[in-house]
Each structure stands twice: as structure tokens, then as C-alpha cells.
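Just so you know, all these numbers are worked out from the coordinates, no wet-lab data involved. It should be emphasised that the depicted structure is a prediction, and the values quoted were computed from it without experimental measurement. Virtual Cβ from ideal backbone geometry, glycine too; neighbours counted across all protein chains shown.
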Protein chains: 2
Amino acid sequence: MFLAAEKQWTLLDWKPRRSDMLVDPFGLGKIVQDGLVFQQNFSIRSYEIGVDGTTSIESFMNHLQETALNHAKTVGLLGDGFGSTEAMSKRNLIWVVARMQILVNRYPTWGDTVQVDTWVAANGKNGMRRDWLVRDGNSGETLARASSKWVMMNTSTRKLSKMPDDVRVEIEPYFMDCAPIVEEDGRKLPKLDESTSDYVRNGLTPRWNDLDLNQHVNNVKYIGWILESSISMLENHELAGITLEYRKECRKDNVLQSLTAVSKDAKGWPECVHLLRLDSGAEVVRGSTMWRPKRINNFGSVGRIPTDGM
Amino acid sequence: MFLAAEKQWTLLDWKPRRSDMLVDPFGLGKIVQDGLVFQQNFSIRSYEIGVDGTTSIESFMNHLQETALNHAKTVGLLGDGFGSTEAMSKRNLIWVVARMQILVNRYPTWGDTVQVDTWVAANGKNGMRRDWLVRDGNSGETLARASSKWVMMNTSTRKLSKMPDDVRVEIEPYFMDCAPIVEEDGRKLPKLDESTSDYVRNGLTPRWNDLDLNQHVNNVKYIGWILESSISMLENHELAGITLEYRKECRKDNVLQSLTAVSKDAKGWPECVHLLRLDSGAEVVRGSTMWRPKRINNFGSVGRIPTDGM
């Protein structure tokens, strides 16, 4: 029932067309480290920064998505779609994302260059893990780390599948043998309802622009809805980490409810548990967020505006 | 009363820091044509494409905004902000956008490179025009053309200002002497109300992510709201052109109403007139849009998915 990401991979229904892609002439990324890590630089654009003068978590996730897709494209591990290598394709199997965890140390600002490294690894016997390391392109400082888990689904039966042996043969050479870059937050995300929530926002509807090729809501857009019910938090805190569990796809006619429960961590900083669900009660995304106080900038406002280099 | 763009320029409170910027090593753009045209390439990213498999008009506008800001940054025409050259700054003057017109021939898709040229020109005695030409990076085919008009505002009095002579001396060397790249649609945009509208969408509220550094709604985000009241149009047509007149800024606590009136042009294709206004009735943006039928793709769906190169 992890359908949320299926649409991403439908974009990938093509083969690499440029043999010069490995030298990265256009900032489209390249393979490094014995062919197992894909690396791409991004220049942060003015429209990727928000109220605080820094990039949003959504921009970070957009860059993660872009590198994952370009990685798949570049290594040529595509049959008729990313979720389908040759062998997967024959069996109607695709990859869908089940879980995503991101920790952010610092948000970059307009004109900064960030360098994103990504790689894949086995996750148990039948799953895949994809990790990302985001660094400042000049200093090498770690800006963010992220780890995601993927499962295989049969598009005919809509059921999860084990990894067939012939698929394993195709994919395993691309797997790194290393621990996750983000230690898994093993705590089970609790099920929220209105009685256990501190904030409830009703009637959230997709905008046209939230939809992707298949008229599904893009994975990244869910974050906006989750944060909608924490908007008072956003004014005085910045997001330090987010964990998302994707449970069900959302389509353009769906109406969502966003629920948030707030508690405090050991430092007294806010921690939230989130739920996005449909009118019917069906869960779309469970999530948790960690927050830290914003630094006060020179202008005395709530924003955190890095001034180095300006 | 043209406040909508003021916030953009507050981002520009700094001086160029890289002497190597003219050679464009990181795709940040460069000056061409005797120093009067700024040129930047963009690789279209996966998250910039939508339901139809192509970029949205918002992505186009984001690229226009980015090149305008990078142009200003690169030529060093900055005092304490773009809207303020040295002389403007002393007089508390900034540039604000009053009107924007975009014509789109073809929307690019993921992995395409687009080349954006931009330049400025005089507009009457006291105003500035900024034009853009967007081309396919490989074929040179014109993808879009855009023209915008800017006026000078005094930030103390909040009133429009004539261009002082010392400001003119600073700015005029950067003005191209050429006709607008988009012939102006001289028709006055009519004032809509509920009785003259075909579609009305109420209760539109900014999301946190729609806000910029000054907690104003970003110019580009208005388009989403305008298209919200034309969503049935979006399913079968693609936007061929849009004209926006910015009248008033929108802040995070504002609630907007989006009004649309539909008619047909000589070919029988839809033309719309739009109004975004506040609860109070105050007009935020007037606009008009031109549409053309979507081509049917191979899958028989409504989307228009270019398949060349895939």
C-alpha cells in the first residue's frame, strides 16, 4: 500500500541519451567512487528561498529527488522505467518509497552551491535503501543527511513483492555495503486522531501545480500540508529533522486533514507527530518533525539570514 | 500602489563577490552583447514539470526572476539593494513591477536546457522595461518571450516617483535601445466582479511556503491562484500567454478571492480575464490569459508529453 512514489518513476521511461554525461558539463551530475556514488551540484536559486532567506525543506527534498532520478538515468539501470529494470519490467514490478528521514544542520541561501552525493544499498532481503549527503560546495560542511527505504510493488496486483533472483542479479552490483547515513529513528510513529492532536487543519486540497504526470500529488508537496498545521512553529523555529511514512497516494480530488501533536524533547525544543488523512479516514502520510529555535538575525526579526559572503 | 515586487529586491543587498562570474563556470550566467544582455542557462529539473510532463508557467517565471536578479547582481548596479542604485538609495527609491506579459510557444521538459537572455530599456521618461527571450539550449528555438514594466517608488512616502537626474545618469548606460520583445497588449484589463465572472474561488490563503523574505506573497505564486479558478481549463488546454497587472501586495494573513471570466478568441480558443482581490475588495492582481488546445499524446490522456530524445 505504498503507492505515493510510483509516479516519480514513470518519468523515467527512457534511456540515457548523452554519452558525455559522465563528465558533467552542464551540472547534471556524475558518477564518483568506483561507480557507486552519484554526485551533482546545485546552485541555490532565488525562488528556492523563503521567509527566512534560506532554502526550504521542500527545496532540499526536490534536490534529493532530482539526484535520485539522475543517478538512475546515468547508470542506465532502466528498463521501461526506473522501478523496472529489465527483469522487473517483465514482472510488472516497480519501486515505491515507504519511508524518508532527513536531518538538516544548516539551510543554504541564494547563490550558494550545494553538492549532493547519493547511493543505494540493500535494505533487508527485499528492499532498497537510498541515502543522500548534502554538503556546502565551497567548505564541504555537511548541510543535511537523508535516508529512504523502498519496497517493490507489483503494478498488476498492487501488492508488495519479494525481490526475484533475476532482479537481484541486476541490481546488487549497484548496492553499496555501508550503514545508513542517518541512524534510524526506530520509534514507531503513533496514530493520531483529533482528540490527541494539538492542531487540526481541515479542507486541504491539491492545487493543480501540486500534481505530477499521473495526476498524483508529488511526494514533496505533502510537507507543505504537514507544516500548514504547525505554522505557529515555523515563525520561531526551524525544522531540524523530518521523518515521513508514505501510506497511500493522494489524487487531485482528495480533501485532506492535517493533524499535529506537539511535545518537547530533552532540551525543551518542540517535537511534533503528524498525520495527513483523507476524509474517509484513510492515512496518507504519518510523520514526525524536530525543531530548534531560530537564531535572531541582525535586523531583530525572526528570520535567520546568513550574511557571510554578502 | 505597485508594491508587489518590492520584496524581491530586498534580496539583493550585497555586492558581487566573484570576479570570475563573467565566465559562467557554474551556470550562473554571463554578460553578452557589449555588456547589455545577461544570459543564463537552466537545466530543467524533474520537480519543475507537472501533470503534462512539461514545465509550468510558474517555472518559466521563476527562471525570469532568477535571471533578472543575477543580471542586477552581475553588473554591480546595486547600492543597498537592486531597487536602489547609489543615487536611488540616498533618495529611498526602489523599483517595483507594475506589469508582466509572457507568451509561451512551447514548454520544455525534464533534462532540457533553456537559455534565457534578459535586458533592460527605458519605458517612458520615468520607467524601466525588462525583457526576456527564452530559447531551447540545443536548437535555439524560441520557447517564450516576456516583457515587464517597472516604476520607481519612494519607500518613505510609499508613492511613485519620477526618475531623478542623478539616477538617470547611473542607469541609462545599461538601457538597450530597442522595441519590446512582446508587442504590448494595449487592451485595458476590465474590472471583474462576481456578477461578470464565470468562475469564483473563495478563501484562498497563502501557505507558509508562498511567502518570501518579507512575509509577502511571492509574485510568481499569484499565478497559481489565478489558475485555481480556471482548473477545468487546465485539463484540456495549455496556457499560451498571460498578462499580469500588480496592484497591491498580499501578506500572509490575507484571504483572497479569485475571479475568472471566459470568452473565445477569433479561433474559438479560450481567453480569460482574471482578478485576485482581498476580502475588503481591494484588487491585488488583474490578469488575462490566452489558451490553446493540448495536443493528445500517445497514451490518449490529456497530457502533452514530448517524446523526442526519450
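A few points about this structure:
- Summed residue charge, Cβ within 10 Å of A:Thr243's Cβ, Lys/Arg positive, Asp/Glu negative: 0
- Look at the alpha carbon pairs under 8 Å that are at least 6 residues apart: their mean separation over the length of segment B:187-299 gives a relative contact order of 32 percent.
- Take B:Leu160, push a point 7 Å out from Cα through the beta-carbon direction, and compare it with the same point in every other copy: 6.2 nm, smallest first.
- Legend: mean number of C-beta atoms from other chains within 10 angstrom of residue C-beta atoms, peptide A:46-57, equals 5.
- Sorting A:Ser232, A:Ser147 from the fewest to the most surrounding beta carbons within 10 angstrom yields A:Ser232, A:Ser147.
- Between this copy and the others, label points of A:Ala282 are 4.3 nm apart in ascending order, each placed 7 angstrom from Cα in the Cβ direction.
- Sites listed here are trypsin sites (Lys or Arg not before Pro) in segment B:44-135 whose DSSP assignment is loop and whose Cβ has at most 14 other Cβ atoms within 10 Å: B:Lys125.
- Sorted from closest to farthest, the other copies place their A:Arg187 label points 5.9 nm away, with each point set 7 Å from Cα along Cα→Cβ.
- Per-selection metrics, segment B:187-299 (Cα): Rg and Dmax in Å: 14.5, 47
- Stokes-Einstein translational diffusion, segment A:116-170 - Kirkwood Rh over all Cα pairs, 0.692 mPa s, 37 °C, in µm²/s: 249
- For A:Asn202, net neighbour charge (Lys/Arg +1, Asp/Glu -1) across residues whose Cβ lies under 13 Å away: -1
- Look at the alpha carbon pairs under 8 Å that are at least 6 residues apart: their mean separation over the length of segment A:87-208 gives a relative contact order of 27 percent.
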